[in-house]
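S.K.: My structure is below; once you've seen it, I'll send some questions.
The values are calculated or read from the model by the stated rules, or taken from the named source; none is laboratory data. The structure displayed is predicted, hence computed values, not measured ones. FYI the Cβ positions are ideal-geometry reconstructions off the backbone, even for glycines, and counts take in every protein chain you see.
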Amino acid sequence: MILITGCAGFIGYHLSLRLLKINKKILGIDNLNSYYDKTLKIDRLKQLKKFKNFKFFNLDLTDYKKTYKNVKNKFFSTIIHLAAQPGVRYSFLNPSLTLYNNLNSFNNIIEISRLKNIKKFIYASSSSVYGEVKKIPFSENDISIKPISIYGASKLSNEIIASAYSKNYKLNCFGLRFFTVYGPYGRPDMAYYSFALKNLRNQKIELYNNANMFRDFTYIDDVVSAIIKIINLKNTSNSNQIFNIGKGKPDKLKDLVYSLEKRLGNKFNIYYKKFIPKGDIKKTYSNNKKIRQILKWSPKVSLDKGIEKFVYWFKKRH
Ligand SMILES: NC(=O)c1ccc[n+]([C@@H]2O[C@H](COP(=O)([O-])OP(=O)(O)OC[C@H]3O[C@@H](n4cnc5c(N)ncnc54)[C@H](O)[C@@H]3O)[C@@H](O)[C@H]2O)c1
């Protein structure tokens, strides 16, 4: 059985669904919090519950005693920890809530992984750990990285703790630095989704740094394929690995806007802003040589194709 935390979240849902379709047994944990529209989480969960191999616990991972009690008698081959408080901007406004969740949930689940002698502990990190690093594209080998957001700092702290667990207890840890993941059933707090909602309501959108921003948009199916390759990776003893999971080809924010306009069939009302919000960076760009070489992974979906798939789903939902 595989334990997936954050299974009602965007990435957790897609990963669980893909694994259930190939008959894997999944135990999903989520606290279904209301950081964004809770009905989206409930709808994702409804689909997962259709599979007899899926079991769900509504648990808050910051509660160590309760979480441990619920999983102590279960056997897991792998634990995949995706639950977290996401959002760079949210973390600027709510630093202590972000740190409380992202540090405590992580510390509790990695400790449970140790106690249960898990073969592989896979966890979500983020491209936000790179902050304003000068060397582009961002590489896992760059040790000069310094996050500039509280969210990025929480994720880098997770990586440091994983490194110590791996050294001290021979726990095989895999940290995945995701780069702007998007797609159907996505997160309404992220730009592509919130822009689509504003387009629907004829509301203005704001483009920061006069739209001179770039993101390495990575389609959800490509991300799930990468995680599955890590689950299947052999000979992983004494591992403490970090992987960038990014397309490796940043897109202009304007290209996102054009692609959304084209598929939604409605022009945006754009408000250009000079500044960049605190914690945000101008460009994210993943060096994905490592994952290409070790896992033979390559991204398949371009931004335009991915947005087409997102909008197809979005129109049905809204
Ligand atoms: N989506 C992206 O572009 C992206 C980029 C970089 C990193 N990440 C990371 O990937 C992971 C998954 O992201 P996502 O986009 O699916 O986010 P999400 O918010 O959709 O999913 C996270 C899920 O975790 C649950 N959760 C949060 N705190 C919890 C707790 N204490 N106990 C139990 N459940 C809890 C939430 O209810 C939610 O369903 C997160 O760790 C996020 O930080 C995502």
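S.K.: Out of contact with any Asp or Glu (no Cβ under 9 Å at 6 or more places or on another chain), near the ligand (Cβ under 10 Å from one of its atoms) and of a type in the set (Val, Ile, Thr): does that describe residue 218?
M.R.: Against the criterion (out of contact with any Asp or Glu (no Cβ under 9 Å at 6 or more places or on another chain), near the ligand (Cβ under 10 Å from one of its atoms) and of a type in the set (Val, Ile, Thr)), residue 218 qualifies.
S.K.: Which ones in the stretch 101-129 are within 11 Å of the ligand (Cβ to nearest atom) and either hydroxyl-bearing (Ser, Thr, Tyr) or modelled with pLDDT under 95 (or both)?
M.R.: The answer is 105, 123, 125, 126, 127, 128.
S.K.: For the stretch 8-27, what are the residues that are within 16 Å of the chain's Cα centre (by Cα) and farther than 16 Å from residue 225 by Cα?
M.R.: Within the stretch 8-27, 8, 9 meet the criteria.
S.K.: Is it the case that the stretch 58-66 has a residue that's under 25 Å from residue 193 (Cβ atoms) and part of a strand (DSSP E or B)?
M.R.: Yes, the stretch 58-66 contains a residue that is under 25 Å from residue 193 (Cβ atoms) and part of a strand (DSSP E or B).
S.K.: In addition: Given the condition under 28 Å from residue 34 (Cβ atoms), of a type in the set (Phe, Trp, Tyr), buried (at least 22 other Cβ atoms within 10 Å of the Cβ) and within 11 Å of the ligand (Cβ to nearest atom), answer yes or no: does some residue in the stretch 149-164 qualify?
M.R.: yes
S.K.: Please identify the pairs in which a residue from the stretch 230-255 that is free of Cβ contacts under 8 Å to residues at least 40 places away in the same chain has its Cβ atom under 8 Å from the Cβ atom of a residue that is aromatic (Phe, Trp, Tyr) and assigned to a strand (DSSP E or B), counting only partners at least 6 apart or on another chain.
M.R.: Close Cβ pairs satisfying both conditions: 250/214.
S.K.: Just the residues that are within 10 Å of the ligand (Cβ to nearest atom) and either crowded, with 24+ Cβ neighbours inside 10 Å or closer than 21 Å to residue 73 by Cα (or both), please, taken from the stretch 5-19.
M.R.: Across the stretch 5-19, the qualifying residues are 5, 6, 7, 8, 9, 10, 11, 12, 13, 15.
S.K.: Would you be able to say whether some residue in the stretch 47-57 is within 11 Å of the ligand (Cβ to nearest atom), more than 18 Å from the chain's Cα centre (by Cα) and within 18 Å of residue 74 (Cα to Cα)?
M.R.: Scanning the stretch 47-57 turns up at least one residue that is within 11 Å of the ligand (Cβ to nearest atom), more than 18 Å from the chain's Cα centre (by Cα) and within 18 Å of residue 74 (Cα to Cα).
S.K.: Another question, if that's okay. Can you tell me how many residues in the stretch 42-55 are outside any loop (DSSP other than H, G, I, E, B) and surrounded by fewer than 18 Cβ atoms within 10 Å (Cβ to Cβ)?
M.R.: 5
S.K.: Write out, first by first residue and then by second, each pair whose Cβ atoms fall under 6 Å of each other, whose residues are 6+ apart or on separate chains, and whose first residue, in the stretch 118-136, is on the phi < 0 side of the Ramachandran plot while the second is more than 8 Å from the ligand (Cβ to nearest atom) and of a type in the set (Gly, Ala, Ser).
M.R.: 119/77; 121/113; 123/175; 125/175; 128/149; 128/152; 129/152
S.K.: When you scan the stretch 172-215, how many residues do you find that are within 11 Å of the ligand (Cβ to nearest atom), outside any strand (DSSP E or B) and in contact (Cβ under 8 Å) with a residue 40 or more places away in the chain?
M.R.: Residues meeting the conditions: 11.
S.K.: Can you say whether residue 39 is among the polar types (S, T, N, Q) and crowded, with 19+ Cβ neighbours inside 10 Å, as far as the supplied structure shows? I'd like the intermediate steps shown before the answer.
M.R.: On the way: among the polar types (S, T, N, Q): yes; crowded, with 19+ Cβ neighbours inside 10 Å: no.
It is false that residue 39 is among the polar types (S, T, N, Q) and crowded, with 19+ Cβ neighbours inside 10 Å.
S.K.: Among all residue pairs at least 6 apart or on different chains, which show Cβ distances below 8 Å where the first residue, located in the stretch 54-71, is in contact (Cβ under 8 Å) with a residue 24 or more places away in the chain and the second is assigned to a helix (DSSP H, G or I) and aromatic (Phe, Trp, Tyr)?
M.R.: Between residues of the stretch 54-71 that are in contact (Cβ under 8 Å) with a residue 24 or more places away in the chain and residues that are assigned to a helix (DSSP H, G or I) and aromatic (Phe, Trp, Tyr), the close pairs are 62/100.
S.K.: Working only within the stretch 233-256, note down all residues that are of a type in the set (A, V, I, L, M), within 30 Å of residue 165 (Cα to Cα) and crowded, with 17+ Cβ neighbours inside 10 Å. Spell out how you get there, then give the answer.
M.R.: Going residue by residue through the stretch 233-256, those that are of a type in the set (A, V, I, L, M) are 233, 242, 245, 253, 256.
Still in the running and within 30 Å of residue 165 (Cα to Cα): 233, 242, 245.
Of everything in the stretch 233-256, those that are of a type in the set (A, V, I, L, M), within 30 Å of residue 165 (Cα to Cα) and crowded, with 17+ Cβ neighbours inside 10 Å turn out to be 242, 245.
S.K.: Does any residue of the stretch 75-82 turn out to be buried (at least 17 other Cβ atoms within 10 Å of the Cβ), within 9 Å of the ligand (Cβ to nearest atom) and not β-branched (Val, Ile, Thr)?
M.R.: Checking the stretch 75-82: at least one residue is buried (at least 17 other Cβ atoms within 10 Å of the Cβ), within 9 Å of the ligand (Cβ to nearest atom) and not β-branched (Val, Ile, Thr).
S.K.: Something else: Answer yes or no as to whether residue 84 is part of a loop (DSSP other than H, G, I, E, B), within 24 Å of residue 115 (Cβ to Cβ), at pLDDT 95 or above and among the small types (Gly, Ala, Ser). Can you show your working first?
M.R.: Working: part of a loop (DSSP other than H, G, I, E, B): yes; within 24 Å of residue 115 (Cβ to Cβ): yes; at pLDDT 95 or above: yes; among the small types (Gly, Ala, Ser): yes.
Criteria met by residue 84.
S.K.: Are there any pairs with C-beta distances below 8 angstrom linking a residue in the stretch 21-42 that is more than 15 Å from residue 58 (Cβ to Cβ) to a residue that is of a type in the set (Phe, Trp, Tyr) and within 13 Å of the ligand (Cβ to nearest atom), with the two at least 6 apart or on different chains, and if so which?
M.R.: Close Cβ pairs (under 8 Å, with a partner that is of a type in the set (Phe, Trp, Tyr) and within 13 Å of the ligand (Cβ to nearest atom)) amount to 35/90; 40/185.
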